[in-house]
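A.B. asks: Got a structure for you, written out below as structure tokens; questions coming shortly.
The values are calculated or read from the model by the stated rules, or taken from the named source; none is laboratory data. Note that the structure is a prediction, hence the values are computed from the model and not measured. Cβ coordinates were reconstructed from backbone atoms using ideal geometry, including for glycine residues, and neighbour counts include every protein chain displayed. What goes into the accessible areas is simple: the full protein's heavy atoms, side chains included, and nothing from ligands, DNA or RNA. Shrake-Rupley method; radii C 1.70, N 1.55, O 1.52, S 1.80 Å.
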Amino acid sequence: MKKTILTGDRPSGRLHLGHYIGSLQNRLKLQNQFDQYVMIADVQALTDNFEHPEKITENVYEVAKDYLAIGLDPEITTIFIQSQVPEIAELTMYFLNLVTIARLERNPTVKSEIQQKGYESAIPAGFFCYPVSQAADIAIFQAELVPVGEDQLPMIELTNEIVRRFNRIYHTSCLKECQAYLSHASRLVGLDGKSKASKSLNNTIFLADSPQEIKQKVFQMFTDPDHLKVSDPGKVEGNAVFAYLDAFHPDKEAVAELKAHYQRGGLGDVTIKNLLNETLQNLLGPIRERRETLNNSDIQEMLYQGTKKAQKRAQTTLNEARNAIGLNYFKD
Ligand code: TRP
């Protein structure tokens, strides 16, 4: 039997090149080797967007389209919507008993999110507890591998602590421990050269961007502010155009030669931007074309079937978990 993989994205916007290099490419590969579940994490996305639910609900179909456009195959990858599998929420309730507030406070990812969002004085309990709900996401599918970025490692550790406690306290082995499957790609910088490509910083290229948008964004990218004349030697470190060429140009040797040339002097920003534009148009053109063939009723049907399948699997584990606790009053 193939091992199960579970990953997910919060549908707070369309997917972008940072997602592509960090996780989507991996999922394309993994769908052929494992039993892959991909969750559109609308419940989790609500934990910091509960006042604007439309921001989340409007993007569920967009994210689903991005998945199909890059080549996830719903025949082999089960794509589903978190809120439509309420079994996850029930398991979360049982999990909440198995973790202390102090333990949740120690989560470095949540800590920095609390700071970023200015929640220090009043942390919504739902937000504070989302790692527990994420543990339930993983455990209910008995996922053994979880492809994530490094920022999610504290969630994996917490998941395994909860799973071990559950199995020990309720004398069961119905929940499985999991492992992170880290992507080798380093995190993609923003178009502005800043730390991270993200929708909220408005410094990223979306998979669905038009050819004109891609070109315009590439030509606004941060390079080396001291590289004024073509003949000047230029800096490659911190130069976003080279970071993107490293990530997306298929010919690594050609990129290495260009870097050397740029550092010697004599290679202009317009030339490297033209090359990057061409590289990204080649990558995103077919993705955009496939996206345009997808209509909403097909997406709805795909999500419905995926969610039904995911729910069946979740029900099986939840039943075992309830039985282990003894919550089976009406059995037979
Ligand atoms: N926390 C993840 C993110 O912000 C999304 C997510 C929710 C997830 N549940 C998950 C990832 C379970 C992996 C496994 O991108």
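A.B. asks: Would you list Val230, Val189 from the most to the least accessible area, probe 1.4 Å? The partial results should precede the final answer.
C.D. replies: Values: Val230 85, Val189 40 Å².
The residues order as Val230, Val189, largest area first.
A.B. asks: Okay, moving on. Binning at 10 angstrom from zero up to the longest distance, how are the C-alpha pair distances of the range 187-227 distributed in percent?
C.D. replies: It works out to 30, 53, 16, 0, in whole percents.
A.B. asks: Which order do Lys229, Lys217 take when ranked by solvent-accessible area (1.4 Å probe, heavy atoms of all protein chains), largest first? Mind dumping the intermediate values first?
C.D. replies: Numbers: Lys229 125, Lys217 45 Å².
Putting Lys229, Lys217 in descending order of accessible area: Lys229, Lys217.
A.B. asks: Would you work out if the range 105-203 is rounded, prolate or oblate? Take a ≥ b ≥ c from the square roots of the eigenvalues of the alpha-carbon gyration tensor; rounded if a/c is under 1.5, else prolate when a/b is larger than b/c, oblate otherwise.
C.D. replies: oblate
A.B. asks: Now, a different point. Starting from the residue with the highest accessible area, list Tyr119, Tyr181 in decreasing order, probe 1.4 Å.
C.D. replies: Working: Tyr119 35, Tyr181 65 Å².
The residues order as Tyr181, Tyr119, largest area first.
A.B. asks: Moving on to the next point. In the chain, carbon and sulfur make up what percent of the accessible area (probe 1.4 Å)? Walk me through the numbers on the way to the answer.
C.D. replies: On the way: 8420 of 16590 Å².
C and S fraction of accessible area: 51 percent.
A.B. asks: With a 10 Å radius around each residue's Cβ, average the other Cβ atoms per peptide and rank 219-225, 127-133, highest first.
C.D. replies: Working: 219-225: 16.6, 127-133: 21.9.
Highest mean packing first, the order is 127-133, 219-225.
A.B. asks: What are the equivalent ellipsoid semi-axes of the range 225-332, built from the alpha-carbon gyration tensor (square roots of five times its eigenvalues), in whole angstrom, biggest first? Could you put the intermediate results ahead of the total?
C.D. replies: Details: eigenvalues 593, 83, 20 Å².
Over the Cα atoms of the range 225-332, the ellipsoid semi-axes are 54, 20, 10 Å.
A.B. asks: Which lysines does Lys273 reach when only Cα atoms under 23 Å apart count, and residues fewer than 8 places away in its own chain are ignored?
C.D. replies: Once the sequence-local lysines are set aside, what remains near Lys273 is Lys194, Lys196, Lys199, Lys215, Lys217, Lys229, Lys235, Lys252, Lys259.
A.B. asks: Further question: Excluding same-chain residues fewer than 8 positions from Lys176, which aspartates and glutamates have a Cα within less than 18 Å of its Cα?
C.D. replies: The reachable aspartates and glutamates, counting only those whose Cα sits under 18 Å from Lys176, are Asp35, Glu87, Glu90, Asp137, Glu144, Glu157, Glu161, Glu320.
A.B. asks: Excluding ligands, DNA and RNA, what is the solvent-accessible area per residue of the chain at a probe of 1.4 Å, expressed in Å²? Intermediate results must be reported in sequence, preceding the final value.
C.D. replies: On the way: 16590 Å² over 332 residues.
That works out to 50 Å² per residue.
A.B. asks: Moving on. Quick one: what are the phi-derived ³J(HN,Hα) couplings along the range 78-94, Karplus 6.51/-1.76/1.60 with θ = phi - 60°, whole Hz, x for glycine and proline?
C.D. replies: Result, ordered by residue: 8, 9, 8, 9, 4, 5, 8, 10, x, 4, 5, 5, 5, 5, 4, 4, 5 Hz.
A.B. asks: Okay, moving on. Each residue of the range 145-158 in turn: what ³J(HN,Hα) in whole Hz from Karplus with 6.51, -1.76, 1.60 and θ = phi - 60°, glycine and Pro shown as x?
C.D. replies: 10, 10, x, 8, x, 4, 5, 9, 4, x, 5, 5, 4, 5
A.B. asks: For the range 6-114, compute Rg over Rh where Rg is the Cα radius of gyration and Rh is the Kirkwood radius from the inverse mean 1/r over Cα pairs.
C.D. replies: On the way: Rg = 15.3 Å, Rh = 15.4 Å.
Reported Rg/Rh (Cα atoms, Kirkwood Rh): 1.00.
A.B. asks: Rounded, prolate or oblate: which fits the chain when a ≥ b ≥ c are the square roots of the eigenvalues of the alpha-carbon gyration tensor, with rounded for a/c under 1.5 and prolate only if a/b beats b/c? It would help to have the intermediate numbers written out before the result.
C.D. replies: Details: a/c = 2.29, a/b = 1.86, b/c = 1.23.
Prolate, because a/c is 1.5 or more and a/b exceeds b/c.
A.B. asks: Based on the alpha-carbon gyration tensor of the range 87-155 and its eigenvalue square roots a ≥ b ≥ c, which shape applies: rounded if a/c is under 1.5, prolate if not and a/b is larger than b/c, or oblate? Present the calculation step by step, with values, prior to reporting the outcome.
C.D. replies: Working: a/c = 2.20, a/b = 1.37, b/c = 1.60.
Taking the square roots of the gyration eigenvalues as a ≥ b ≥ c, the range 87-155 is oblate.
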